[in-house]
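To keep things clear, I will list the structure first and then write my remarks on it.
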Amino acid sequence: MRGALGGPRVLLRRLREVMAEPVSAQERLDKIVVLIAANMVAEVCSVYVLRVDGTLELYATEGLNRDAVHQTVIDADEGLVGLVAREATPINLSDAQTHPAFSFRPETGEETYHSFLGVPILRAGNTLGVPVVQNRAHRTYSEEEMEALQTTAMVLAEMIASGELSALARPGAEPAVRSQLHLKGLGLSDGIALGHVVLHEPRVVITNFIADDVQKEVARLDSAVETLRSDLDDMLTRGDVADGGEHREVLETFRMFAYDRGWLHRMREAVMTGLTAEASVERVQSDTRARMVRQTDPYLRERLHDLDDLANRLMRQLVGQDHAPAKENLPENAILVARTMGPAALLDYDRSRLRGLILEEGAPTSHVTIVARALGIAAVGQLENVVSMVDQGDAIIVEGSTGDVHIRPAIDIERAYAEKVRFRARRQAQYRALREKPCITRDGAEITLLLNAGLFVDLPHINETGAAGIGLFRTELQFMVAAAFPRTSEQLKLYKDVLNAAGDRPVTFRTLDIGGDKVLPYMRMVEEENPALGWRAIRLGLDRPGLLRSQIRALLRAASGRRLKLMFPMVSTIDEYDSAKELVEFELTHLRKHNHTLPERIEIGAMVEVPALLFQLDELFSRVDFLSVGSNDLVQFLYAADRGNSLVADRFDPLSVPVLRALRDIIDKGREHGKPVTLCGEMGATPLGALALVALGYRNLSVSPSALGPVKAMLLETNAGEVGQLVRGLLSKSAPRVSVREQLAAYAAAEGLQI
């Protein structure tokens, strides 16, 4: 009796019959263990389920004492069953009692059994339980028998994941697959959101595990793999990839995995056990993920993302599922969960239903984070493997200020956060009460607070917050959300609407800042190894003057008879600014020639983002009407730290001596030349950052709508001259390790400032 009776295929057919019977969950489990024992000629078959408290409970058995069911509970570090669960790998022993991890519970009556085979029940690489077979005789179970038990484990995984076994559990001892989880990530965008999970790239839900025709499933698998490989080959021969570079190397590695014979062989073997093609892909990838998530080598862990992506693409190919969900059909209170995403992808979603964003990666000054803040949604990043921990529709809570995420929270946690939301609403009401109050510090310094905006939906925030105007209107967002390049008439309408909404308050329009991670879906972009340092913003505009001229013409016409403030992003040299300004003069000449009414007043400026401008400030101030500091890019370029790279994005403090010295030099030169300077980066969007900027002498700050209230409330209680002496004194010290942030936070605490 060395082999399974009929093998995995016969077992799967019988399991399908059991799964279709209208019986209770316990009866179904009891029938399953009997089937497994009979098929594998085992004297014992038991199923242990991982509970929310981290222990393993005996849920069903054939051969052991049935009275032990739901009474025997094993710690995760106890015995061979615990070892299988911890390591997520099968254990096959001819004499289990000699193994160092062996232990037994007298109430089960298993001390007479020697041979042992246990495999993990896996779903998305996470262990949900352990099925075990045992015999009195000393024997090593065959590969076919192990295959049969692993195949059964897939069926058990879906049973557990569906919640069918939850009715059998005592309160507080539910299966771990639906357990409450509390994760701590990095807060990206302030706010609290209670809602339900929407996966940006949803996993394929397999409903058919058992093959009717194995050879047909093999053919389906081979065909899907061939299509996948062909798509990758086409991608690598496209013009924008074929020239080489780091991006091509990444795709070559990706393709290497797709052509790996071992990968296809393992999936074919799984199909031969009686699984459908898609179930075989899920089986192989779940086993692979279980092994790789336990690796400490960062390279191997990064490759896991590649393998996950390949497996998901292949499963979507097999079941005919689209790559992404229908973004226009979001549930109410949607919380988007993704590994990573760009700003354009976020803007695709219905903003009226989107409440929160959770990313496995993400950084505080990445563009997707900036868009999340602009949309007023709570966001948390750097939550490793979170996509695998949630299911579509799961209840979830996101607290953007602290980085806390609660998955499937208990009712008392939901109530506590609902009260937090009500408290925040009361605080927002207090901020709204300050709306009409001038922002003047205790010692009489007048601070102009402006808004950062970029879409029509942002415009009501001007009146809601009492902002003095719009200090940064990101014109590229209109291009990113459009299905095709916006016509001049469409641009003209938006710019007019913005000016009308602002009334007599100023609006500073930034010309197109596309490139990097801000890609237009209808415009072919050049693949670059370092896109943040590449062909973007004013560089792209000067190389494609028709694009920039059409936008400048729309802005000039929209501001007919009114004031227009226009600035160019990513300026690196004086020549670039001069060339861009010449385009404005060219368009003014064109409009005069055609008898268009010109703006009553035109002010042209530039953004200080590239460190090279720090050494051209005198020449620049002699040419511009104003300057705006883009602190997000300036900080990343000063430290050579990609703000979209979670490994380095938080490595350097924006409130450090080098950064603050650079900002001090800019504001001092502005004062010397009598030209206004506004800071419109994220540094000014926190009360502590705003305090540092006011201390340096900045009197114009442009922030996200949600930040204006807290910043204003803090500034009204601030003595600008006093804090200015503190910060400038710190910057004059030679000690390089002085922490301005700590000193400033201590000062704020002593003064009772809310930061």
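Every read-out reported here was derived from the displayed coordinates using simple, explicitly stated rules and does not represent laboratory data. Small disclaimer: the values here were computed from a predicted structure and weren't measured. Cβ sites come from the backbone with ideal geometry, for glycine too, and all protein chains shown count toward neighbours.
In this Cβ point-charge picture (+1 for Lys and Arg, -1 for Asp and Glu), the chain has a dipole of about 2500 debye about its Cα centre. Annotation: the residues His406, His114, His138, sorted from fewest to most other C-beta atoms within 10 Å of their own C-beta, follow the order His138, His114, His406.
Between Lys493 and Asp213, what FRET efficiency follows from the Cβ-Cβ distance if R0 is 60 Å, with the result rounded to 0.05? According to the calculation, E is roughly 0.55. When Arg139, Arg422 are sorted by how many other C-beta atoms sit within 10 angstrom of their C-beta, beginning with the fewest, the order is Arg422, Arg139. Helices of the chain meeting both criteria, an alpha-carbon length of 30 angstrom or more along the long axis and an average Kyte-Doolittle score not below -1.0, with helices taken as full DSSP H segments, are 214-237, 298-319. With both labels modelled 7 Å from their Cα along Cα-to-Cβ, the Arg563 to Glu107 distance reads 7.9 nm.
For Gly129, nonlocal amide neighbours, meaning residues 5 or more places apart or on other chains whose placed amide H falls under 5 Å from its own, are Leu50, Ile121.
Which shape class applies to the stretch 7-178: rounded if a/c is under 1.5, otherwise prolate when a/b exceeds b/c and oblate if not, where a ≥ b ≥ c are the square roots of the Cα gyration tensor eigenvalues? Judged from the Cα gyration tensor, the stretch 7-178 comes out rounded (a/c under 1.5). Suppose R0 equals 45 Å. What FRET efficiency, 1/(1 + (r/R0)^6) with r the Cβ-Cβ distance, do Arg415 and Ala482 give to the nearest 0.05? My answer for the efficiency is 0.60.
With a cut-off of at most 16 other beta carbons within 10 Å, and DSSP calling the residue loop, which trypsin sites (Lys or Arg not before Pro) in the stretch 654-754 qualify? Please list them. Don't skip to the end; give the middle numbers.
On the way: sites: Arg661, Arg664, Lys669, Arg671, Arg699, Lys712, Arg728, Lys733, Arg737, Arg741; in loops: Arg699, Lys733, Arg737.
Hits after loop and neighbour filter: Lys733, Arg737.
Between Phe652 and Leu181, the modelled labels are 3.4 nm apart [label points 7 Å from Cα along Cα→Cβ].
Counted over the chain, the DSSP beta bridges are approximately 55% antiparallel.
Amide H to amide H, with H built 1.01 Å from N, Glu174 comes under 5 Å of Val52, counting only residues 5 or more places away or on other chains.
Cross-link partners for Lys675 among the lysines, with Cα-Cα distance under 17 Å and sequence neighbours closer than 8 places in the same chain left out: Lys565. Tell me, in nm to one decimal, what length is gained between Arg427 and Arg261 on full extension, where the rule is 0.36 nm per residue of separation less the Cα-Cα distance? Once the chain is fully extended between Arg427 and Arg261, it gains 53.8 nm.
Between Phe456 and Gln743, the simple label model (points 7 Å from Cα in the Cβ direction) yields a spacing of 5.0 nm. Counting beta carbons within 10 Å around each of His99, His367 and listing the fewest first gives the order His99, His367. Whole-Hz Karplus values for the stretch 180-189 come out as 6, 10, 10, 10, 10, x, 9, x, 10, 9 Hz, taken residue by residue from phi with 6.51 cos²θ - 1.76 cosθ + 1.60 and θ = phi - 60°; glycine and proline positions read x.
Within straight-line reach of Lys420, meaning a Cα separation under 14 Å, sit the following aspartates and glutamates at least 8 residues removed in sequence or on another chain: Asp190, Glu399, Asp404, Asp412.
Of all aspartates and glutamates in the structure, those lying under 13 Å Cα to Cα from Lys216, and not within fewer than 8 positions of it along the same chain, are Glu278. The stretch 434-751 gives an Rg/Rh value of 0.96, both radii derived from C-alpha positions and Rh following Kirkwood. Excluding the sites themselves, what is the longest stretch of the chain that contains no GluC sites (Glu not before Pro) in a DSSP loop with at most 11 other C-beta atoms within 10 Å? Free of exposed loop sites, the longest segment is 112-331. Normalised by the number of residues in the stretch 7-178, the average gap of Cα pairs under 8 Å and 6 or more apart makes the relative contact order 23 percent. Here the stretch 434-751 carries DSSP beta bridges of which approximately 10% are antiparallel, counting only pairs with both residues inside.
Using a cut-off of 14 Å between beta-carbons, work out the net charge of the residues near Val380 (Lys and Arg +1, Asp and Glu -1, Val380 not included).
-3
Only Cα pairs under 8 Å and 6+ residues apart enter the sum, and on that basis the relative contact order of the stretch 598-755 stands at 20 percent. The residues neighbouring Glu682, those whose beta-carbon lies less than 14 Å from its own, together hold a net charge of -2 under the Lys/Arg +1, Asp/Glu -1 convention.
Given a Förster distance of 45 angstrom, what is the FRET efficiency for Ser352 paired with Asp95, based on the Cβ-Cβ distance and rounded to 0.05? Walk me through the intermediate numbers first.
Working: r = 64 Å, r/R0 = 1.42.
For Ser352 and Asp95, the calculated efficiency is 0.10.
Based on the alpha-carbon gyration tensor of the chain and its eigenvalue square roots a ≥ b ≥ c, which shape applies: rounded if a/c is under 1.5, prolate if not and a/b is larger than b/c, or oblate?
Values: a/c = 2.65, a/b = 1.99, b/c = 1.33.
Prolate shape, in that a/c is at least 1.5 and a/b is the bigger ratio.
What is the stretch 408-507 by shape, rounded, prolate or oblate, if you read a ≥ b ≥ c off the alpha carbon gyration tensor as root eigenvalues and call it rounded for a/c under 1.5, prolate for a/b larger than b/c, and oblate otherwise?
Numbers: a/c = 3.18, a/b = 1.28, b/c = 2.49.
Since a/c reaches 1.5 but b/c is at least a/b, the shape of the stretch 408-507 is classed as oblate.
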